[in-house]
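The values are calculated or read from the model by the stated rules, or taken from the named source; none is laboratory data. Model, not experiment: these values are computed from the prediction. As a convention, Cβ positions derive from the backbone with ideal geometry for all residues, glycine included, and neighbour counts pool all protein chains shown. What goes into the accessible areas is simple: the full protein's heavy atoms, side chains included, and nothing from ligands, DNA or RNA. Shrake-Rupley method; radii C 1.70, N 1.55, O 1.52, S 1.80 Å.
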Amino acid sequence: MNSKAMIPMVDTLAWHQPIQQELRAAASRVLDSGRFLMGEEVTAFEQEVGAFLQANQAVSCGNGTDALILALSAAGLGPGDEVITTPFTFFATAEAIVRVGATPVFADIEPETFNMDPLRIQQAMTDRTRAVLVVHLFGLPARIQEIQWLCEEHSLLLIEDCAQSFGASVNGRMTGTWGDLGCFSFFPSKNLGGFGDGGLITAKTEFMAEQLKVLRNHGSSIQYRHECMGFNSRLDEMQAALLRVKLKYIERYNQERKKIAEVYRSCLQGLDVLLPAGQGHVYHQFTVLTDQRDQLKAHLASQGIASALYYPIPLHQQPVFRGLPITQDLFVAEQVSRRCLSLPVFPGMTAAQVSRVAESVSRFFLDEQAEPSYGLAGVLYK
Ligand SMILES: Cc1ncc(COP(=O)(O)O)c(C=O)c1O
């Protein structure tokens, strides 16, 4: 490969190249079956993914946003209910809360993990709080054990947004199985990325799984008999068949992501950047914090290296959420969103590409281009 070719955030062709034949065989199997919805592939995928996650129940659906909406609906959340969540996540997390008629209440994040701080969750509780919607952002699990205790103590539902944390575990237990419900996305760039849209909800109880199955199918459990208002949100046979192939390799893919992160970490040690740390990271993103974010992004672009701003505007500052009550300062989320930059990381990334990114980033900080930062850690760890 030309060493100066552009390095993208994700190269799905490079990722899938080694399993092309298996993918084509799976796609042909579905085409030849003539069945495209609610067939054997979806049933088999739900069984296989449920076993991998060691989840009591696994119910597939159309996408990760629907997974959140279905989970919140099945939990009976709606108008008058408050759901505590993070302001530093993809928009869909809070969008889903508003979609079911409930109110998102934002609790600030920790600078070490970019995830919700249990203490700030506690401070956000009111007598209308019904649930905590925790996100394991960028593949790094939140302090899920503490958050679970907190939810138990206050009789709150715990819902996990695992869109970015497929395969991440804490103390041997997968994200998505700590709470009452876990929501996953199979958007193509995700750790278990599909070939279009797809989603999944894990549930602790069979009762909840039955609710989810009714809700995803127009509120119906018996054909043409509708018990409640539902949705049309199905994973299709083609997605399920292709995801079954990728599920076989997910541990290898997450391992590859971790290896890339190790190289980045060792190259960036001692430089003027902060890196998130914690147990069980599966590196959906490798994100650095720097006061020179825009300059670093421009420097990488000049070297033909992509980088991305996940996420430049925290949710409480989104125009659409202007009317929401803000009940605590969200200082860390605001500081992090001004300083975060994600670097390319994907299975199939070559060693040469990884070195090029690592060298470019470290050269930026070692060269004069980067001015010394004045107390990045001091700002974040106030
Ligand atoms: C944290 C988070 N939650 C929810 C979603 C929504 O998933 P989907 O795009 O499959 O609807 C995403 C996807 O980007 C996400 O990153």
Computed from the beta carbon distance with a Förster radius of 35 Å, FRET efficiency for Asn232 and Ala14 to the nearest 0.05 stands at 0.55
Restricting to lysines and to Cα separations under 23 Å from Lys248, and discarding same-chain partners fewer than 8 apart, the set is Lys190, Lys258, Lys259
Averaged per residue, the 1.4 Å probe accessible area of region 116-195, protein heavy atoms only, in Å², is roughly 33
With a Förster distance of 22 angstrom and the Cβ-Cβ distance between Gln318 and Glu153, calculated FRET efficiency to the nearest 0.05 equals 0.10
Taking a straight Cα-to-Cα line shorter than 21 Å from Lys297, and setting aside same-chain lysines fewer than 8 residues away, one finds Lys4
Per the 1/(1 + (r/R0)^6) rule, R0 = 51 Å and r from the Cβ atoms of Glu146 and Gln21, FRET efficiency to 0.05 is 0.65
Applied in sequence order to region 170-178, the curve 6.51 cos²θ - 1.76 cosθ + 1.60 (Karplus, θ = phi - 60°) yields integer Hz couplings, x standing for Gly and Pro, of 10, 6, x, 10, 5, 4, x, 10, 7
For region 230-239, Karplus-derived ³J(HN,Hα) couplings (6.51, -1.76, 1.60; θ = phi - 60°; whole Hz; x for glycine and proline) come out as x, 9, 10, 9, 10, 7, 8, 4, 5, 4
Counting only protein heavy atoms with a 1.4 Å probe and every protein chain in place, the carbon and sulfur fraction of the accessible surface of the chain in whole percent equals 52
Per-residue ellipticity at 222 nm attributable to helices in the chain (runs of n ≥ 4 DSSP H, -39500 (n - 2.57) apiece, nearest 500 deg cm²/dmol) works out to -12000 deg cm²/dmol
One would report the antiparallel percent of DSSP beta bridges in the chain, rounded to the nearest 5, as 60
By accessible area (1.4 Å), largest first, His316, His218 order as His218, His316
Sorted by chain and number, the residues with a modelled amide H under 5 Å from that of Val105, at a separation of 5 or more or across chains, are Val83, Ile84, Thr85
Order by accessible surface, 1.4 Å probe, largest leading, for residues His226, His136 comes to His226, His136
The chain, Gaussian network, Cα under 10 Å: of Lys297, Lys204, Lys248, the residue fluctuating most is Lys248
By accessible area (1.4 Å), largest first, Trp178, Trp149 order as Trp149, Trp178
Here the relative contact order (percent) of the chain, from C-alpha pairs under 8 Å and at least 6 apart, is 23
In whole Hz, the Karplus estimates of ³J(HN,Hα) for region 185-199 (6.51, -1.76, 1.60; θ = phi - 60°; x where Gly or Pro) are 10, 10, 3, x, 7, 5, 4, 9, x, x, 10, x, 8, x, x
Among region 180-210, those whose backbone N falls under 17 Å of a label point 7 Å along Cα→Cβ from Gln255 are 192
If each part is reduced to its alpha-carbon centroid, region 285-325 and region 5-46 end up apart, in Å, by 31
Quick calc: nm separation of the 7 Å Cα→Cβ label points for Glu206 and Phe36 -> 3.4
Per DSSP loop assignment and a cutoff of at most 13 other beta carbons within 10 Å, the chain keeps its longest run without exposed GluC sites (Glu not before Pro) at 1-226
Region 250-380 accessible area per residue, 1.4 Å probe, protein heavy atoms, integer Å², reads 45
